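Peer 1: Before I ask anything, here is the structure I am working with.
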Amino acid sequence: MDMKERLAIPRQPMPEQDPKVRARNFDEVPLGYTPETAKTEALRCIQCKNPACVEGCPVQVDIPGFIAKIVEGDFIGAARHIKKTNALPAVCGRVCPQEIQCEQRCVRGKKGDPVAIGRLERFVADYERASGDVAIPEKPAPTGKRVAVVGSGPSGLTVAGDLVQLGHEVTIFEALHKPGGVLVYGIPEFRLPKAIVAAEVEYLERLGVKIQTSFVIGKTATVDELFEYGYDAVYLGTGAGLPTFMNIPGENLNGVYSANEYLTRSNLMKAYKFPEYDTPIVKGKNVAVIGGGNVAMDSVRTAMRLGADHVYLIYRRSRAEMPARIEEIHHAEEEGIEFHLLTNPVRYIGDDKGWVVGVECLKMELGEPDESGRRRPVPVKGSEFVIDVDTVVVAIGAGANPLVQSTTPGLETNKWNYIVADEETGQTSREGVFAGGDIVTGAATVILAMGAGRKAARAMHEYLMSKK
Amino acid sequence: MAAKILEKRQLSENVFKMVLEGERIARKRKAGQFVVLRIHEEGERIPLTIADADPEKGTVTIIFQVVGKSTAHLSDLNPGDTLLDLVGPLGKPTHIEKVGTVACIGGGVGIAPVYPITQAMKHAGNHIISIIGARSKDLIIMEDEMKAVSDEFVVATDDGSYGFKGFVSQALEEKYLMQGRKIDMVVAIGPVPMMRAVCDTTKKYNVPTVVSLNSIMVDATGMCGACRVSVGGKTRFVCVDGPEFDGHQVDFRQLIDRQRIYLQEEKESYDHYCSCRLGKGGN
């Protein structure tokens, strides 16, 4: 096929479950490319000499390299090519914000649509997993060094995968009963099937990573005790595990959840399968979710799937300022979520049994830009109105869980209690202790946490090898 | 981590004691802390106070009352069975210091968590007045254990079938506070109405009172906020800021409301379990 023909191919759409059907089930929404669509889409890549897409990727996956293999029909080879730099391609193909990373830099995007890099990544990772032909690289010579990784979310998994492949002995300590961190407790099944996370974790275990679940660093053992146990270095990837509330009246009423609780019940504890699973969740008929990020989108879509009649998304700014991925906003709208933009809750109204029955809101308008560069929402005087609700999910961000910081003397933190770590190396104020992901940056994305893990792993390797 | 059940004993009609394998937790735990366990893959995360531990044997003792599906299931397990997960020790330990005379009050299954605190308070050199109570004589648990760590000891039953007739709060007031006995601190653990009654009483006499709250939890590491409670007008998380708080500052009304969030689901789940259990010919 010549270049002209290749340039004429339109971006291949992703087949999806029908919005009406999927809004009531927890199955994955996008169905994935077929080998034919994947090959067609791969042909749209013009194999730039200096690929800008790679620079847009926080872990610098060789994107033209793996796409070339798809064109050849070597899907498994393509998956293995990605895995050289990204241990979790099936996850990243699904949850990375490609539109502001690799795909935003794609040359094809300048005149038309960029190559669907995320969809192709997902396709080859799924293809490899389904084939059962998952290659395990040869075991490197052991270095005799032991590393403890605290937290099994995206950054911890990346560090563990990188360091085990360099010959270090790696143990992950996870506070919850299942590994995966936010990938299992936060992101819903319909966006990231848990079987995929389990497969990616199992891959790491086959590489030799040991995983100790139900082990809370800061409680079961401290960071200092990890050194006493004989670990040579520690990586802290504990995530943004502290819910944020607005501190407005009525937030402790029954039926008001933090997004962390709502999603943990549904995702980790499988409350959507109650009573088959023991953990319950309030299946509200009229649900309000406060916030405009990806977690808010996950919450509204979960509420709809739990059987709500009306799900309202209440966000204080306008659509343009929403931090959520466009694709997620679009999916939520298709599924019938009702958006109340430029609206801010001021209090929750309860009944005599302590249950929430309404949320009082104020209309907002956009004023001057604030420190984030986005226009600041300003309340419109006298614009109070009440929305009748029986369930509320507060999804306005998450902070730093203090368990590790408060039990690790000498570990420097900033004023929000995030751990201070070097951006390039993850080095903290404590020797041998590295950190990365949300516990350093505040709540961000899966791939940014993985990027931080990648850099830290490199620095930890250097540290371990230079240490006597 | 999985944990094997080593011993099981029924203490009263609905209260069971279990000794679990848990080496690290046994070594680490302090009075006032708790564990979270999960029985099986479909199970809830159940928070339970550590009633006792043996660091040498590496065992942890829990005492629980059958109140719903998960605790019913737990009570059906036997020595040799394995719990899928056991994690801990969680929560802040009790602040133990010598203050003088400490009244340790346990109501019903709340006697179990008050026991390790009483033990530690005694060990710190305090004069211990223990008041334990229940609806009737057959629901009193751990009498011998409590007696062994107390200088003065009172049993109270609502129906008068054993010891003082009335609530533990009344026993505290009538036998001690009204008599002008100086009590420096009260630790009260039990059903919320009991803790509230004790706090109402001690407030009148200005006696500092610590209560241990058993709110609904999920992760129990401060991540979800399910367990939040108002203390002195501020929202606190029972799992990481507690479980112990100044009883005079706790909003008990809100705590009672929040404990009832899943009443309907809990009943549905329990009925389902009981009918399954009967279907299998009992257990």
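Peer 1: Would you mind computing, in nm to one decimal, how far apart the modelled labels at A:Ser429 and A:Asp113 are, each placed 7 Å from Cα along Cα→Cβ?
Peer 2: 5.0 nm
Peer 1: DSSP loop (so not H, G, I, E, B), at most 10 other Cβ within 10 Å: list which GluC sites (Glu not before Pro) in segment A:244-325 pass both filters.
Peer 2: A:Glu276
Peer 1: Using only DSSP helix segments of four residues or longer, with each worth -39500 (n - 2.57), what per-residue ellipticity at 222 nm results for chain A after dividing by its residue count and rounding to 500?
Peer 2: For chain A, the value works out to -9000 deg cm²/dmol.
Peer 1: Amide H to amide H under 5 Å from A:Arg317: which residues, 5+ apart in sequence or cross-chain, H placed 1.01 Å off N in plane?
Peer 2: A:Leu342, A:Thr343
Peer 1: Can you list residues from other chains, or at least 5 along the same chain, whose modelled amide H is less than 5 Å from the amide H of B:Ala220?
Peer 2: Residues meeting the amide H criterion: none.
Peer 1: Let me ask something additional. Positive end of the dipole of the protein assembly as shown, charges at C-beta (+1 Lys, Arg; -1 Asp, Glu), about the Cα centre: which of B:Gln33, B:Thr49, A:Gln12 has its Cα farthest in that direction?
Peer 2: A:Gln12
Peer 1: Could you do me a favour and compute the accessible area per residue for chain A, 1.4 Å probe, result in Å²?
Peer 2: Spelled out: the 1.4 Å probe surface of chain A, per residue, equals 40 Å².
Peer 1: So which aspartates and glutamates can A:Lys467 reach, going by Cα to Cα under 20 Å and dropping same-chain residues fewer than 8 places off?
Peer 2: Qualifying aspartates and glutamates at Cα under 20 Å: A:Asp162, A:Glu169, A:Asp224, A:Glu225, A:Glu228, A:Asp232, A:Asp422, A:Glu424, A:Glu431.
Peer 1: Taking the simple approach of a point 7 Å from Cα along Cα-to-Cβ for both A:Ala198 and A:Glu228, what is their distance in nm?
Peer 2: 3.7 nm
Peer 1: If the reach is capped at under 22 angstrom between alpha carbons, list the lysines near A:Lys83, excluding any in the same chain fewer than eight residues apart.
Peer 2: A:Lys39, A:Lys49, A:Lys69, A:Lys139, A:Lys194, A:Lys210, A:Lys455
Peer 1: Which FRET efficiency value, to the nearest 0.05, is calculated for B:Asp144 and B:Cys276 with the Förster distance at 35 angstrom and r the Cβ-Cβ distance?
Peer 2: Numbers: r = 37 Å, r/R0 = 1.05.
Computed FRET efficiency for B:Asp144 and B:Cys276: 0.40.
Peer 1: How high is the FRET efficiency between A:Glu138 and B:Lys30 when r is their beta carbon distance and R₀ equals 41 Å, given to the nearest 0.05? Each step should come with its number before you reach the end.
Peer 2: Values: r = 47 Å, r/R0 = 1.15.
About 0.30, to the nearest 0.05.
Peer 1: Sorted by mean Cβ packing within 10 Å, highest first, what order do the peptides A:450-460, B:120-130 take?
Peer 2: A:450-460, B:120-130
Peer 1: Take the solvent-accessible surface of the protein heavy atoms, probe 1.4 Å, and return the percent of it on chain A that carbon and sulfur atoms account for.
Peer 2: So the carbon and sulfur contribution to the accessible surface is 53 percent.
Peer 1: Cα to Cα, under 21 Å, and not fewer than 8 places away if on the same chain: which lysines meet these conditions relative to B:Lys69?
Peer 2: Filter leaves A:Lys270, A:Lys273, A:Lys283, B:Lys4, B:Lys8, B:Lys17, B:Lys267, B:Lys280.
Peer 1: Take the alpha carbon gyration tensor of segment A:134-272, find the square roots of its eigenvalues, order them as a ≥ b ≥ c, and report rounded if a/c is under 1.5; if not, report prolate when a/b exceeds b/c, else oblate. Intermediate results must be reported in sequence, preceding the final value.
Peer 2: Working: a/c = 3.18, a/b = 1.65, b/c = 1.94.
It is oblate, given that a/c is not under 1.5 and a/b is not larger than b/c.
Peer 1: In sequence order, what are the phi-derived ³J(HN,Hα) couplings for segment A:107-121 according to the Karplus relation 6.51 cos²θ - 1.76 cosθ + 1.60 with θ = phi - 60°, rounded to whole Hz, with x for glycine and proline?
Peer 2: 4, 4, x, 5, 10, x, 9, x, 4, 7, 5, x, 5, 5, 4
Peer 1: Scan segment A:27-87 for GluC sites (Glu not before Pro) in coil per DSSP, keeping those whose Cβ has at most 10 other Cβ atoms within 10 Å, and list them by number.
Peer 2: When the GluC sites (Glu not before Pro) of segment A:27-87 are filtered for loop state and at most 10 Cβ neighbours within 10 Å, nothing remains.
Peer 1: Specify whether the C-alpha gyration tensor of chain A places it in the rounded, prolate or oblate class, a ≥ b ≥ c being the square roots of the eigenvalues: rounded for a/c under 1.5, otherwise prolate if a/b is larger than b/c and oblate if not.
Peer 2: Here chain A falls in the oblate category.
Peer 1: State, in angstrom, two size descriptors of segment A:119-211 derived from its alpha carbons: Rg to one decimal place and Dmax to the nearest whole number.
Peer 2: 13.7, 41
Peer 1: In whole Hz and in residue order, list the ³J(HN,Hα) couplings for segment A:64-70 that follow from phi through the Karplus curve 6.51 cos²θ - 1.76 cosθ + 1.60, θ = phi - 60°; x for Gly and Pro.
Peer 2: Result, ordered by residue: x, x, 6, 5, 4, 5, 5 Hz.
Peer 1: Also: Note down the relative contact order for segment B:101-212 as a percent, whole number, built from C-alpha pairs under 8 angstrom at least six residues apart.
Peer 2: 28 percent
Peer 1: Roughly how many Å is it from the Cα centre of segment A:136-210 to that of segment B:79-111, as a whole number?
Peer 2: Centre-to-centre (Cα) distance: 34 Å.
Peer 1: What relative contact order, as a whole-number percentage, does chain B give when Cα pairs under 8 Å and 6 or more residues apart are counted?
Peer 2: Value for chain B: 16 percent.
Peer 1: Moving to a separate point now. Got the relative contact order for chain A handy, in percent, Cα pairs under 8 Å and 6 or more residues apart?
Peer 2: The value is 15 percent.
Peer 1: Tell me, what is the per residue accessible area of segment B:101-212 in Å², probe radius 1.4 Å?
Peer 2: 39 Å²
Peer 1: In sequence order, what are the phi-derived ³J(HN,Hα) couplings for segment A:29-46 according to the Karplus relation 6.51 cos²θ - 1.76 cosθ + 1.60 with θ = phi - 60°, rounded to whole Hz, with x for glycine and proline?
Peer 2: Taking θ as phi minus 60°, the curve returns 6, x, 8, x, 6, 8, x, 5, 5, 4, 4, 4, 5, 4, 5, 6, 6, 8 Hz for segment A:29-46.
Peer 1: Taking K and R as +1 and D and E as -1, what net charge do the other residues with C-beta under 10 Å from the C-beta of A:Ala175 add up to?
Peer 2: -1
Peer 1: OK, next. Taking beta carbons within 10 Å but only from partner chains, what does the mean come to for residues B:85-95?
Peer 2: That average works out to 3.
Peer 1: Also: I'd like the mean, over residues of A:399-412, of how many other protein chain beta carbons sit within 10 Å of each residue's own Cβ.
Peer 2: 1
Peer 1: P(r) tail for segment A:1-144, what percent of Cα pairs lie past 18 Å?
Peer 2: 57 percent
Peer 1: Gap in Å between the Cα centre of segment B:1-19 and the Cα centre of segment B:36-76?
Peer 2: 7 Å
Peer 1: Can you tell me the order of B:133-144, A:15-26, B:45-56 when each peptide is scored by its average per-residue count of other Cβ atoms within 10 angstrom, highest first?
Peer 2: In descending order of packing, they fall as B:45-56, B:133-144, A:15-26.
Peer 1: Determine the total buried accessible area between chain B and chain A, counting protein heavy atoms only with a 1.4 Å probe; round to the nearest 100 Å².
Peer 2: Approximately 3800 Å², summed over both chains.
Peer 1: If you don't mind, another one. Using a Förster distance of 56 angstrom, determine the FRET efficiency expected from the C-beta separation of A:Glu371 and A:Glu334, and round it to 0.05. Walk me through the numbers on the way to the answer.
Peer 2: On the way: r = 34 Å, r/R0 = 0.60.
It comes out at approximately 0.95.
Peer 1: Still on this model: How large, in percent, is the carbon and sulfur part of the accessible surface of segment B:101-212 at a probe radius of 1.4 Å?
Peer 2: 50 percent
Peer 1: Test of the criteria: in segment A:374-428, which chymotrypsin sites (Phe, Trp or Tyr not before Pro) are in a DSSP loop and have at most 13 other Cβ atoms within 10 angstrom of their Cβ?
Peer 2: A:Trp416
Peer 1: Additional query: Only counting protein heavy atoms at a 1.4 Å probe, give the residues of segment B:201-249, ordered by number, whose accessible area falls by 50 Å² or more when the other protein chains are present relative to the chain alone.
Peer 2: At a threshold of 50 Å² (probe 1.4 Å), the residues of segment B:201-249 that become less exposed are B:Val218, B:Thr221, B:Met223, B:Cys224, B:Arg228.
Peer 1: Using the basic label-point model (7 angstrom from Cα toward the beta carbon), what is the B:Lys203 to A:Asp2 distance in nanometres?
Peer 2: About 8.9 nm, to one decimal.
Peer 1: How much accessible area per residue does segment B:3-90 have, in Å², with a 1.4 Å probe?
Peer 2: Each residue of segment B:3-90 exposes 39 Å² on average to a 1.4 Å probe.
Peer 1: Net charge near A:Met322, counting Lys/Arg +1 and Asp/Glu -1 over other residues with Cβ under 11 Å of its Cβ?
Peer 2: Numbers: positive: A:Arg316, A:Arg317, A:Arg319, A:Arg325, A:Arg374; negative: A:Glu321, A:Glu328.
Summing Lys and Arg as +1 and Asp and Glu as -1 gives +3.
The values are calculated or read from the model by the stated rules, or taken from the named source; none is laboratory data. Values in this document were obtained by computation on a predicted structure and should not be read as measured data. Don't worry about glycine lacking a Cβ; one is built from the backbone with ideal geometry, like all the others, and counts go over all protein chains shown. Heads up: the accessible areas ignore ligands, DNA and RNA and are worked out on the full protein's heavy atoms, side chains in. Shrake-Rupley method; radii C 1.70, N 1.55, O 1.52, S 1.80 Å.
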